[in-house]
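Novice: Just dropping this structure here.
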Amino acid sequence: MPIISLSLEEKLLERFDKKLSEKGYSGRSEAMRELIRDYISEQDWSYGPGDSVAVVNVLYDKEAPREAVSGIQHEYEGLITTSIHAHLDEENCMEVFIAKGSGKKLKRLIERIKGVRGVKQVKYVATASGI
Ligand code: NI
């Protein structure tokens, strides 16, 4: 196994080490291998030649114009196969949906939703569908 070295700001390294110890990693190498695998996977679903699938989780302010999120969903209805709405509490709603299409289109859809006023957080899990 090749050995590589990298330079980091001390503060960043301290924060990284703290996270590793919280998560119970046995060492930095193990964590770096995981990060590199995630990065490669991320690049593959984004720019791979085939379709990808994304599960997108949108947390937004209940008072936000719902039409904005659902409007985008309608715009991308060819990609979105499933959608679930949950009223979380007095302030927040959550929309979870599954979309399938080229990584480029899925990324665009996610960026559009992130840009909606009142959207607090967008998280997603994506994978190349041909795996
Ligand atoms: Ni709601």
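Novice: Ignoring ligands, DNA and RNA, what percent of the accessible area of segment 57-131 is carbon or sulfur (1.4 Å)?
Specialist: Using a 1.4 Å probe with all protein chains present, segment 57-131 comes out at 51 percent carbon and sulfur.
Novice: Can I ask one more? Treating the beta-carbon of each Lys and Arg as +1 and of each Asp and Glu as -1, no other charges, what is the dipole magnitude of the chain about its Cα centre, to the nearest 20 debye?
Specialist: Values: 20 positive and 21 negative charges, 63 e Å.
It comes to approximately 300 debye.
Novice: Given the rule -39500 (n - 2.57) for each run of at least 4 DSSP H residues, summed and divided by the residues of the chain, what is its mean residue ellipticity at 222 nm, to the nearest 500 deg cm²/dmol?
Specialist: -14000 deg cm²/dmol
Novice: With the contact rule set at Cα under 8 Å and sequence spacing of 6 or more, what percent relative contact order holds for the chain?
Specialist: It rounds to 33 percent for the chain.
Novice: While we're looking at this one, here's another question. Please compute, for the alpha-carbon atoms of segment 39-91, the extent along each of the three principal axes and give them in descending order in Å.
Specialist: Cα spread of segment 39-91 along its principal axes, largest to smallest: 41, 24, 15 Å.
Novice: Using a simple spin-label model with points 7 Å from Cα along the Cα→Cβ vector, what separation in nm is obtained for Ser7 and Leu88?
Specialist: 4.1
Novice: Order the following by accessible area, largest value first: Glu111, Glu42, Glu67. Probe radius 1.4 Å; ligands, DNA and RNA are ignored.
Specialist: Working: Glu111 100, Glu42 55, Glu67 125 Å².
Order by accessible area, largest first: Glu67, Glu111, Glu42.
Novice: Going by the alpha-carbon gyration tensor, a ≥ b ≥ c the square roots of its eigenvalues, is the chain rounded (a/c under 1.5) or, if a/c is not under 1.5, prolate (a/b greater than b/c) versus oblate?
Specialist: oblate
Novice: Another question, then. Provide the gained length on full extension for the span Glu67 to Gln121, in nm with one decimal, where the gain is 0.36 nm per separating residue minus the Cα-Cα distance.
Specialist: Here the segment from Glu67 to Gln121 would lengthen by 17.7 nm.
Novice: Right, something else. Determine the per residue accessible area of the chain with all protein chains present and a 1.4 angstrom probe, expressed in square angstrom.
Specialist: 72
Novice: Further question on the same structure: Taking the simple approach of a point 7 Å from Cα along Cα-to-Cβ for both His74 and Ile40, what is their distance in nm?
Specialist: That separation, rounded to one decimal, is 4.4 nm.
Novice: If you don't mind, there's one more thing I want to ask. Taking 28 Å as the cut-off for C-alpha to C-alpha distance, list the pairs among Lys23/Lys62; Lys23/Lys120; Lys18/Lys123; Lys23/Lys123; Lys11/Lys62; Lys23/Lys105 that go past it.
Specialist: Listed pairs above 28 Å: Lys23/Lys62; Lys11/Lys62; Lys23/Lys105.
The values are calculated or read from the model by the stated rules, or taken from the named source; none is laboratory data. Because the structure is predicted, anything quoted here is derived from the model rather than measured. All Cβ positions, glycine included, derive from the backbone under ideal geometry; neighbour counts span all protein chains shown. Only protein heavy atoms, including side chains, enter the accessible area calculation; ligands, DNA and RNA are left aside. Shrake-Rupley method; radii C 1.70, N 1.55, O 1.52, S 1.80 Å.
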